[in-house]
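Everything on this sheet refers to the single structure shown next.
The numbers here are math on the coordinates, done by the rules we state, and not lab data. Because the structure is a prediction, the values reported are computed rather than measured. Counting neighbours? That spans all protein chains shown, and the Cβs are built from the backbone with ideal geometry, glycine included.
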Amino acid sequence: MTTSLKTVICLLTLVIALPVFAQESATTSESTAAGRWYQVEKIEGDIAVGDFVVGPGRAEINAKPGETIVEEIIITNRISDDRVFTLTVDDITGSTDGSSSVSLTNGVRGPYSIRDYISFPENSITLDLGERARIPVTIKIPQDAEPGGLYGSVLVSTDRTSESGPNGSRTPIMARIGSLFFVTIDGAVERSGKLTGIAAIDGKSWYEKGPINLGISYENTGSVHLNPYGELSIRNMFGEEVGFVELEPWFVLPKSLRTREVAWDREFLFGRYVITARVNRGYDDVVDEMSTTFWVLPWKITLGTFAVLFIIIFSIRAFFRTFEFKRKS
């Protein structure tokens, strides 16, 4: 198989929660082209930036057994005219070691599979440059569905071409972006989770300078996703609060552990610090609290300070010895 025929997965983005069209400052005009099963809007202005946008990053849906819900995902083409986008669904899972927030199952049925409940009128659409499509996504919950969570991603993909390959050939590249779907089926669901740890990402307890990169681990042992949130308080060796970080809500899938990374820094750090995490579990207003300590000792400054002190002490002792010698003489 030649290089030009190889398909490379170059981008797999599972967007967590971002403003979908924050980079677009253009106006839109609605189009209702005949034969299209999706609504199309025209984005005006300078939008030929070579990528495409999918949103929302995440949809959280509550549903009852037997209910059918229609949600929308939005695809904006900023690549070229006559661009074909393909729609697929894959299940997602969390991790048991906190290494990732979500992972695709790549066709394998997940423990909270959503694939059988999501559908579209068709599996592909065609957009010209600057067109934005509103795609109806139908979620149909069976009448006998058990309470709990269903988790997956609607993946939007398109073939692109790399700049160049060996011998001047061009390589087809598949770019994919996912929109996450979290569906909670009403009923007797189990909500259970807790803060399990706070520590430096690199495992160190001594630093020469900031920033300090922390990992806050939360374990979800229930049957539906949770959205914990909270705060970090940093105090110095004198007990004074010298830092505060608000922890916006983040999601943790069922039966998984997720580590939230947070960086803290300030202009000058020296001595011992205590960082305390207070995390609301995301249900029943239960708050967990855990602390960790670390030291910041800039070795150059510390060594310089000891050197100066040594010189001062040595000079004082030498002075008094000389003074006593003169007195005895």
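Quick notes on this one:
- Shape class for the range 79-205, computed from the alpha carbon gyration tensor (a ≥ b ≥ c): oblate, with a/c not under 1.5 and a/b at or below b/c.
- Charge context of SER113, other residues only, Cβ under 12 angstrom, K/R +1, D/E -1: -1
- Shape category assigned to the range 64-120 from the gyration tensor of Cα positions, a/c cut at 1.5: oblate
- Alpha-carbon gyration tensor eigenvalues x 5, square-rooted, for the range 193-297, Å: 27, 13, 10
- DSSP bridge analysis restricted to the range 193-297 gives an antiparallel fraction near 95%, rounded to the nearest 5.
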